[in-house]
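Data first, discussion second: the structure below is written as structure tokens.
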Amino acid sequence: MYKSSFLTGRLMIREYKKSDIDGFLRVVHQKEILATTYGIPENYTRRHAKWWMRILRQNRIYKTSYEYAVILRENGEYIGNVGLINIDPRHYHADISYYIDKDYMNQGIATEASLAMLEYGFSELGFRKINGVCMSVNIPSRRVMEKIGMSYEGTLRKDLYKDGIFYDLDRFSILKEEYYTGSKVEN
């Protein structure tokens, strides 16, 4: 079942609105995001952002991905994105994705948002497995996946070509039973 929003301790995770475009562009243009996020092109424009938000709506309709704006509850500021993408209903799994404004990194926000997505994916959408992939050079993203209980599955060598360089990708996953027993989740 599709949910349009979630509340966590510090965050409102909700559908994107047109009013998020300026915050979205501010965050995706940060060099820290561009350098370690493989799905964001370097020259993202307002036109691209509007197009992407239309695609998000289509993805929800076709149930291929659910991506959300990450908003600070205390002040309503847009600080990032979290979602379940590459949904495969036949095999009951999806990939988790996220990025957080550089000014809010290392505060547990990506972990908090990602745990909300795991709960949603397992309890509401019925997934049996949720995967995660990050560029091997993106140590903070790897750490988030470890904190939310994901297990390292391996490295896809030179699997991503970005800005003229081939990068390795690290693959992680968590099974529904691991999530609910808490056998892998760090406190």
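Our summary gives segment 5-181 a relative contact order of 18 percent, counting only alpha carbon pairs under 8 angstrom and 6 or more residues apart. Less than 5 angstrom separates the built amide H of THR8 from those of ILE13, all sequence-distant by 5 or more or on a different chain. Dividing the convex hull volume of the alpha carbon atoms of the chain by its residue count gives 116 Å³ per residue.
Sum up the lysine pairs in segment 5-181 that clear both bars: alpha-carbon distance under 18 Å and a spacing of 8 or more or different chains.
The result is 8.
Plainly put, segment 26-100 has a radius of gyration that is 0.99 times its Kirkwood radius, both from alpha-carbon atoms, as the Rg/Rh ratio.
For the chain, give the share of DSSP beta bridges that are antiparallel, in percent and rounded to the nearest 5; count only bridges with both residues there. Counting DSSP beta bridges with both partners in the chain, the antiparallel share is about 90 percent.
Restriction of the trypsin sites (Lys or Arg not before Pro) in segment 82-128 to DSSP coil positions whose beta-carbon has at most 16 other beta-carbons within 10 angstrom yields ARG90, ARG128. Ordering of 78-88, 4-14 by packing is 78-88, 4-14, highest average first (other Cβ atoms within 10 Å, averaged per residue).
Taking the average, over residues, of other Cβ atoms within 10 Å as the packing measure, peptides 155-168, 18-31, 105-118 rank 105-118, 18-31, 155-168 from highest down.
Multiplying the residue separation of ASN106 and VAL137 by 0.36 nm and removing their Cα-Cα distance gives an extension gain of 9.5 nm.
Quick check: Cα centre of segment 45-100 to Cα centre of segment 107-146, how many Å? Result: 13 Å between the Cα centres.
Coupling constants for segment 111-126 follow from the phi torsions by the Karplus curve (6.51 cos²θ - 1.76 cosθ + 1.60, θ = phi - 60°), and in residue order they are 5, 4, 5, 5, 4, 4, 5, 4, 4, 4, x, 7, 7, 9, 9, x Hz; glycine and proline get x.
A short reminder: the numbers here are calculations on the coordinates, not readings from a lab. Since this is a predicted model, take the numbers as computed values, not measurements. Counting neighbours? That spans all protein chains shown, and the Cβs are built from the backbone with ideal geometry, glycine included.
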